[in-house]
1. Where residues in the stretch 55-69 are buried (at least 16 other Cβ atoms within 10 Å of the Cβ) and farther than 14 Å from A108 by Cβ, which of them is nearest to the chain's Cα centre (by Cα)?
2. Of all residues in the stretch 22-54 being among the acidic types (D, E) and touching a residue at least 40 places away in the same chain (Cβ under 8 Å), which is nearest to S95 (Cα to Cα)?
3. When the residues of the stretch 23-43 are narrowed to those that are of a type outside the set (D, E, K, R) and out of contact with any Lys or Arg (no Cβ under 9 Å at 6 or more places or on another chain), which ends up surrounded by the fewest Cβ atoms within 10 Å (Cβ to Cβ)?
4. Scan the stretch 108-122 for residues that are surrounded by 21 or more Cβ atoms within 10 Å (Cβ to Cβ) and in contact with a Leu (Cβ under 7 Å, 6 or more places away or on another chain) and jot them down.
5. Can you say whether I35 is touching a helix residue (DSSP H, G or I) at 6+ places or on another chain (Cβ under 9 Å) and at pLDDT 95 or above, as far as the supplied structure shows?
6. Quick one: how many residues across the stretch 159-176 are in contact with a helix residue (DSSP H, G or I) (Cβ under 7 Å, 6 or more places away or on another chain) and in a helix (DSSP H, G or I)?
7. Among the residues of the stretch 78-101, are any part of a strand (DSSP E or B) and not hydrophobic (A, V, I, L, M, F, W, C)?
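The values are calculated or read from the model by the stated rules, or taken from the named source; none is laboratory data. This one's a predicted model, so the numbers in the text were calculated from it and none came from an experiment. All Cβ positions, glycine included, derive from the backbone under ideal geometry; neighbour counts span all protein chains shown.
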Amino acid sequence: MTYGRLVAWDAMAIRILIADDHDVVRQGLRTFLEIDPELEVVGEAADGHQAVRLAHRLRPDVVLMDLLMPEMDGIAATQLIRQELPDTEVVALTSVLEDASVVGAVRAGAIGYLLKDTHAQELRQAIKAAAAGQVQLSPRAAARLMREVVAPERAEALSEREVDVLRLLARGRANKEIARELSIAGKTVKTHVSNILGKLGVQSRTQAALYAARIGLVPLDQLGAAEPADVGRRPSANGS
C-alpha cells in the first residue's frame, strides 16, 4: 500500500486523496496542492484498489483520480467510491481525452474531468469547487460529453423550482449559492437536487448539468461556468 504522510486534521481544510500510478506525479501534485492552506493531502494511492481502500479509511472530501491505473482502473474505482462514499467527490485528472474515458468517468459519478495540462491554480480552484458540489469539466471534455451522453428520452417532468435549481446547478453553483440566489434553505436545495437526479434517471450532478445543456436550459459555454469563489470550506451537513 502506498500513501503519503497524514497531515494534522484541520476542519477548515479540504481533504484530498491522490490516486495515480506514477510516484513522480503524486509527489508533484502533493507539492503544489499543499501550497494552499485550504487544501490538505491526506493520502496517496498507486492503483484503483488502493484508492477505494484509502477512501474508506480516510474519508477524503475529494479524490483526484487518474483513469489509467493497474489492478483496477480509475473509472471502476470512481464508481465504487461514489456508490459507497456519497459524501466524497471524485475529479478525474488524466492525460486521456478519449470519448470512452470521458463518458465512463462521468457515468461512474465523477463531478469533474480535467486534463493533466491544467494549470496548478486552476486545479486548486477546481478541487475547492468540487468539494462544494460544483460541476467542473474542461471545455474539451464538455464538448465530447455533449456528443456522447444521451439525455433520458422520457424524463419525468421537473417542477418550476426544480428547473430553477437545475439551471443554477448546470452553471456551476454550489448548494449554498443556489440557496442564496433562490432564497431557500440549503436542505431544500439538497432535496430538489435529489429529486432532479431521480426524475432524470442520472447518477450525478454532472450528468444533470449535461442534460440541462442538451435541452438548451443553459448554453454549453456556460456549463459549470461559475467562478469557484467562496468554496474554500466543505459545505455543512445541511448543504448550506
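1. Quick first cut of the stretch 55-69, residues buried (at least 16 other Cβ atoms within 10 Å of the Cβ) only: 55, 58, 60-67, 69.
Going one step further and asking which of them are farther than 14 Å from A108 by Cβ, we end up with 58, 60-62, 64.
Working: L58: 18, P60: 13, D61: 10, V62: 8, L64: 9 Å.
So the residue we want is V62.
2. So in the stretch 22-54, the residues among the acidic types (D, E) come out as 23, 34, 36, 38, 40, 44, 47.
Applying the additional criterion that residues be touching a residue at least 40 places away in the same chain (Cβ under 8 Å) yields 36, 38, 44.
Working: D36: 24, E38: 26, E44: 19 Å.
Checked the stretch 22-54; the qualifying residue nearest to S95 (Cα to Cα) is E44.
3. Within the stretch 23-43, the first condition is being of a type outside the set (D, E, K, R), and the residues that meet it are 24-25, 27-29, 31-33, 35, 37, 39, 41-43.
This time we only want the ones that are out of contact with any Lys or Arg (no Cβ under 9 Å at 6 or more places or on another chain), so: 24, 27-29, 31, 37.
On the way: V24: 8, Q27: 13, G28: 15, L29: 21, T31: 11, P37: 10.
My answer is V24.
4. Keep residues of the stretch 108-122 that are surrounded by 21 or more Cβ atoms within 10 Å (Cβ to Cβ), which gives 108-114.
If the condition is that a residue be surrounded by 21 or more Cβ atoms within 10 Å (Cβ to Cβ) and in contact with a Leu (Cβ under 7 Å, 6 or more places away or on another chain), then G112, Y113, L114 are the ones that fit.
5. no
6. So the answer is 11.
7. Filtering the stretch 78-101 for residues part of a strand (DSSP E or B) gives 89-94.
From the residues that got through so far, the ones that are not hydrophobic (A, V, I, L, M, F, W, C) too are 89, 94.
Yes: one or more hits.
Residue by residue, here is whether (1) surrounded by fewer than 24 Cβ atoms within 10 Å (Cβ to Cβ); (2) of a type in the set (S, T, N, Q); (3) modelled with pLDDT under 95; (4) touching a helix residue (DSSP H, G or I) at 6+ places or on another chain (Cβ under 7 Å) holds:
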position: W9; (1), (2), (3), (4): yes, no, yes, no
position: A45; (1), (2), (3), (4): no, no, no, yes
position: R53; (1), (2), (3), (4): yes, no, no, no
position: E71; (1), (2), (3), (4): yes, no, yes, yes
position: A77; (1), (2), (3), (4): no, no, no, yes
position: L93; (1), (2), (3), (4): no, no, yes, no
